[in-house]
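Taking it in order: structure first as structure tokens, then the write-up.
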Amino acid sequence: MTIKPVLKMGDPLLFQVSEQVMTFDTPELHALIEDMLDTMNDMQGAGIAAPQIGESIRVVIFGQQDQDKNNPRYEDAHTVPFTVLVNPELTVFDNETEEDWEGCLSVPGMRGVVPRHLNISYKGFDQFGNLIERSVSGFHARVVQHECDHLDGVLYPMRIKDLRKFGYIDTIFPNQDIPDD
Ligand code: NI
């Protein structure tokens, strides 16, 4: 149960393809997820991937445990249930995409407009090895795509089509109280 330092863009570990988890329900896996949760909550993230705290394995967590609480970084965060997802696989149904602003704990102080698939299904396991299978859309789908990208060494700035829609929060949203990561 520790708030870990989050690796920042430029760290080579963030560009690695992470390893599959082979064994579930281990003390190591539970401890890693505790650390990820503490770190995500401390930084008010919508999600976090294991590589961001230096573990190159296929584990992401996202969503909000307390559905009534607002996340000041992402107003839609409460629409996503808290989820631990291990060895995730994403499926895209159609070509419908949507552009929206994203941030990342590994890219502090910045936001960018990223196109994402609007509708996806995802499959994976929780930390005990129970199967999770969902079809989601909108913000939920965006968060899952963002977090799973981390497992393949992809950060959101690498997906931005128009780099004029990428910049510093205090410049792009000067009068809004968006936390600076
Ligand atoms: Ni991120």
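Key figures for this structure:
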{"read-out": "5 angstrom amide H check on residue 110, placed H, neighbours 5+ away", "value": "104, 169"}
{"read-out": "Crossing angle, helix 138-151 versus the chain [Cα axis fit, 0-90 degrees, rounded to tens]", "value": "70 degrees"}
{"read-out": "Estimated FRET transfer efficiency (residue 24, residue 99; beta-carbon r; R0 25 Å; 0.05)", "value": "0.10"}
{"read-out": "Extended-chain gain in nm, criterion 0.36 nm per residue less alpha-carbon gap, residue 133 and residue 11", "value": "40.7 nm"}
{"read-out": "Calculated Rg and Dmax of the range 113-180 using C-alpha coordinates, Å", "value": "15.2, 45"}
{"read-out": "Point-to-point label distance, residue 168-residue 42, nm (Cα→Cβ direction, 7 Å offset)", "value": "2.5 nm"}
{"read-out": "Mean Cβ neighbour count within 10 Å, used as a protection proxy, ranking 166-173, 81-88 highest first", "value": "81-88, 166-173"}
{"read-out": "Compactness of the chain as Cα Rg over 2.2 N^0.38 Å, two decimals", "value": "0.97"}
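Bear in mind these aren't lab numbers, they're just calculated from the coordinates by the rules spelled out. These numbers come from a predicted model, not from an experiment. Quick reminder, even Gly has a Cβ in these numbers, built from the backbone with ideal geometry, and neighbours come from all protein chains shown.
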